[in-house]
1. Among the residues of region A:1-39, which ones are among the basic types (Lys, Arg) and not in a loop (DSSP other than H, G, I, E, B)?
2. So, in region A:253-309, how many residues would count as being more than 12 Å from RNA strand B (Cβ to nearest atom) and under 20 Å from A:Leu198 (Cα atoms)?
3. Could you tell me whether any residue of region A:668-683 is touching a Cys at 6+ places or on another chain (Cβ under 9 Å) and within 12 Å of RNA strand B (Cβ to nearest atom)?
4. Within region A:617-648, can you find the residues that are touching a residue at least 60 places away in the same chain (Cβ under 8 Å), near RNA strand B (Cβ under 8 Å from one of its atoms) and open to solvent by 50 Å² or more (accessible area, probe 1.4 Å)?
5. Is it the case that region A:209-217 has a residue that's open to solvent by 10 Å² or more (accessible area, probe 1.4 Å) and at pLDDT 90 or above?
6. In region A:261-294, how many are of a type in the set (Ser, Thr, Tyr) and open to solvent by 30 Å² or more (accessible area, probe 1.4 Å)?
7. Please count how many residues of region A:393-409 are touching a Phe, Trp or Tyr at 6+ places or on another chain (Cβ under 9 Å) and either among the acidic types (Asp, Glu) or within 23 Å of A:Asp322 (Cα to Cα) (or both).
8. Within region A:804-837, which residues are in contact (Cβ under 8 Å) with a residue 24 or more places away in the chain, open to solvent by 20 Å² or more (accessible area, probe 1.4 Å) and outside any strand (DSSP E or B)?
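The values are calculated or read from the model by the stated rules, or taken from the named source; none is laboratory data. It should be emphasised that the depicted structure is a prediction, and the values quoted were computed from it without experimental measurement. As a convention, Cβ positions derive from the backbone with ideal geometry for all residues, glycine included, and neighbour counts pool all protein chains shown. All accessible areas refer to the heavy atoms of the entire protein, side chains included, with ligands and DNA or RNA removed. Shrake-Rupley method; radii C 1.70, N 1.55, O 1.52, S 1.80 Å.
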Amino acid sequence: MSPVPEKPTLDGLETKWIAGWDASGVYAFDRSARRETVFSVDTPPPTVSGSLHMGHVFSYTHTDTVARYRRMTGRAVFYPMGWDDNGLPTERRVQNFFGVSCDPSVPYDPSFEPPFRGDPPRDHRAVPVSRPNFIELCEELTARDEKVFEDLFRRLGLSVDWSLLYATIDERSRRVSQRAFLRNLARGEAYTQEAPTLWDVDFKTAVAQAELEDRERPGAYHKVNFARTDGSGHVTIDTTRPELLPACVALVAHPDDERYVPLFGSTVRTPLFGVEVPVVAHPLAQPDKGTGIAMICTFGDLTDVIWWRELALPTRAIVARDGRILAEAPPGISSDAGLAAYAGLAGKTVKQAQTAIVEMLRESGDLVGDPRPITHPVKFFEKGDRPLEIVTSRQWYIRNGGREQSVRDAMLARGRELRWHPDHMHHRYDNWVEGLNGDWLISRQRWFGVPVPVWYPLDAEGNIVHDSPLVPDESSLPVDPSTDVPAGYDSSQRGVPNGFVADPDVMDTWATSSLTPQIAGRWGDDDTLFTSVYPYDLRPQAHDIIRTWLFSTVVRSHFEHGAAPWANAALSGWILDPDRKKMSKSKGNVVTPLDLFDQYGSDAVRYWAACARPGIDTAFSEEQMKVGRKLATKILNVTKFVLGAAGEHGDDVTEAIDRAMLARLAAVVDEATRAFDNYDYARALERTEQFFWWFCDDYVELVKTRAYEADGGPATGSARTALAEALSVLQRLFAPFLPFTAEEVWSWWQKGSVHVAEWPTPSGTFPLEPGSVAAFDHDGFLDAVCGTIASIRRTKTEAKVSQKAAVESVTVTAPEEMAAAVRSAWGDIAAAGSVGRAEINVGGDELNVTTVLATTA
RNA sequence: GGGCGUUUAGCUCAGUUGGCUAGAGCAUCUCCCUUACAAGGAGAGGGUCGGGGGUUCGAGUCCCUCAACGCCCACCA
């Protein structure tokens, strides 16, 4: 306990209590706890590729209030933190920060120094570095960023157990990630396949369905004529991608489209390139789109892939992995004119090729009219800058129901096992699962990630045997197949006939972060711990990553453990600018959390966050932070005042008004508890706060004279005990929201941390004696009493006199019960209102108060 | 095209199974240095609950319909 300060202040509370909590270990997880007494949180690991913003502060505060509540109800709270530092965002940040680019063909340089550490000049050309050097730089930068993140989260007052910290690139995560993958592989849930995949030409990697986004882009329809090979004229198609003409393998129309039925089975010749292609029928062709007949290319979009697969068409790929037209013409183009036309495109970017081919078509007369500009949605990698292309490559997949109805049904069933907060978020999950169109592509052609832990044997000719990958023993994980050697081989056999070769890919970030429950719970490394936290109680996360993080976690958990990974999923909303637009980093005027902590205090910022209903988008509002600061200040002041009269008291609460106040508080405790049990922290705060202001403005005002009575009897003892009880309950109710303020005021008169104090209960707050009337109408009582004092105040305000002005007489006329209430609390009312004479009559059907002010001398 | 959400005071939002005259905070206005707090306190004004229809003794709340805004998803030549 520390003494009540002369002048309470919020300044410095964060520093004081962060250190205090560290020293006392109040947030440490009790590893001896059994599963049923544990409350485990699958904390989202924030991406460490920049700075934390208000969105983080917002959603992490929500989770923290819930964790703190559970801790106070006696649960052993498992609340870890992790950093998502593996993957593309880090690579990109490292490139920009150090002015380097990764080139696997460069040899490792142990003494490498990057040209810059922060802000390379704009005209700087990236220096190529080896993959190991690049990874070292990734590690250096993430270590730096993670320190900043940790400091900020501590400042926010998150009650995480920092000893449970993990990073998605650390050794433990790599081990868990590779172990889970190998088990998926052994059970047939992971497989490799050579197939057309969406490809980002800048990052030069495959991307998954979950990482796509559509962007509206300008384009143009081009009408192009294909000559019929029987000489009977031509067919006109419409295309937005004329540059893919050399990749055309067929024309397609709807089977019922009478205009084209006669053409099915015949062939046409591509303009410029002279390739003979069939006219085919498929129900996906839309008669009302363009001319109703389209060209199928390998590959322009995902529909092309479907047509190509289902109609067993040949492959004529022309786009390389760097987004340029391949140097060599695809099979089928054999005429001199065709080859010459193709040579005019080779090496060009897709965009340049389009310009060139339109010119060629115009000259040859195969272009009908002018291109008609349109705006249309184009698929992009969500982190990318150029439209995705489709290239054929060998990739790793994990089954997720995209190709098998039975798996899909299982995933939908897992979704139904979860309790969703708010529950309409469940629709998004179902919506996503039902819309899957392929398995989960997990391999990436990148460097800073968890390596796919397999090698392949090479046959006598040095060809890779993909069908029989060599896998490491689980005990040797994590492995880096580019430096480690599979069992039965030695390093001299790498890359030589009859030797082996490493899988060159890494796994996508989501393939690792889908295992956060396993990583944080040390699955496979400490199974005692794992079984005491898994399945988790809560997964908090943002709603935009239901399709990625949430879904992929369910997939992994379903396959590995045959269970849903958590009981509850709580989805947080967005932070919006005050003008209701989604807050974006690019706006430049974004306030940093640290500035707000300095200006208003962490508790005030938390207050703003906790006011937002679960899952509801919320406007950024400094006004709310000011309100939060006011609330915190008020808690300091009212505590000081109440403790001036009352500490811990054992007197009986005998006065009706004191009992009514405690009964009202008990109802608030009940409601706050039920709200928290339902993950509705905002309601718990709202009800607590509403009571608190009433308590300060009315109750404390009414009883302060009696409570401060120097030689008071039982009535004074009653007030003091009630005040102390209410104060204790309120401080505990506020503790999840305003941890610094609550801890401070608690320390003035209580032992230990408020954050491990017992959460109040209704019966502990206002015990009803056996046989007493449970339906004590405390609200009716308090309304009558407070209505009377309010009326007296109103009279004074209207008369423009001070509230302490003396009142000559008050006449109250009210129905019997109200009159009785006013009569029983009259001593307090008279003291608070400086009232001289009173007359209380029974009558009428509502409260009627007449106040006569004393004439001033 | 499919799905979901939102719409209540000038602003931000509560309003839990339908039930007194629809609430809070901020902002505005008036007043008060009152023995914890002037970074405070006491009051006041302000709403045809998005539009229309229906069920009901009674609808902000339930049903139908329309609209605006936002989000998610979709095979978008």
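1. A:Lys16, A:Arg35
2. Number satisfying all stated conditions: 3.
3. Yes, region A:668-683 contains a residue that is touching a Cys at 6+ places or on another chain (Cβ under 9 Å) and within 12 Å of RNA strand B (Cβ to nearest atom).
4. Passing the criteria: A:Arg629, A:Thr633, A:Lys634, A:Asn637, A:Lys640, A:Phe641, A:Gly644.
5. no
6. Adding up the residues that qualify gives 1.
7. Residues that pass the stated criteria total 3.
8. Hits for region A:804-837 are A:Lys804, A:Ala805, A:Ala806, A:Pro815, A:Glu816, A:Glu817, A:Met818, A:Ser824, A:Gly827, A:Ala831, A:Ala832, A:Ser834.
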